[in-house]
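First comes the structure, then the notes that go with it.
The values are calculated or read from the model by the stated rules, or taken from the named source; none is laboratory data. Keep in mind that what you see is a predicted model, and the values were worked out from it rather than measured. Reconstructed Cβ throughout: ideal geometry from the backbone, glycine too, with neighbour counts over all protein chains shown.
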Amino acid sequence: MAKSKQIKKNLSISPERLAELRRATFIASAGSSTRLEGSKLSDKEVERLANIVFAQKKERQTRLDFLGRSAVNHVQFYQRS
């Protein structure tokens, strides 16, 4: 485990570029997997579907973050009272 952390430290890839590479890898992998199962989806179609799913996930996460912050603020308010 420590070795993998050291390797990550030595890489000079920006976080943005790493995110792009992960996304491209995910789309290519998902497209290949679905085609192996008989789907006719192209990588572009997989990307469009992934964009929808990622947008929904981000929206859901934003709502959860908001609810979590609201709960913390509520608890802090009543602890001060």
List, please: which pairs have Cβ atoms under 8 Å, are six or more places apart or on different chains, and start with a residue in the stretch 61-74 that is part of a helix (DSSP H, G or I) and end with one that is among the charged types (D, E, K, R) and at pLDDT 75 or above? none
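Give the residues of the stretch 1-18 that are among the hydrophobic types (A, V, I, L, M, F, W, C), at pLDDT below 90 and part of a helix (DSSP H, G or I), sorted by residue number. Don't jump to the end; show me each part of the working.
Of the stretch 1-18, the ones among the hydrophobic types (A, V, I, L, M, F, W, C) are 1-2, 7, 11, 13, 18.
Those left that are additionally at pLDDT below 90: 1-2, 7, 11, 13.
The answer is 2, 7.
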Please go through the stretch 40-60 and pick out each residue that is surrounded by 13 or more Cβ atoms within 10 Å (Cβ to Cβ) and not in a helix (DSSP H, G or I). 41
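For the stretch 44-81: of the residues being over 21 Å from residue 20 (Cβ atoms) and of a type in the set (Gly, Ala, Ser), which is modelled with the lowest pLDDT?
We begin by selecting, within the stretch 44-81, every residue over 21 Å from residue 20 (Cβ atoms); these are 59-60, 62-81.
Next, from what is left, pick out any that are of a type in the set (Gly, Ala, Ser): 68, 70-71, 81.
On the way: 68: 75, 70: 73, 71: 71, 81: 56.
This residue is 81.
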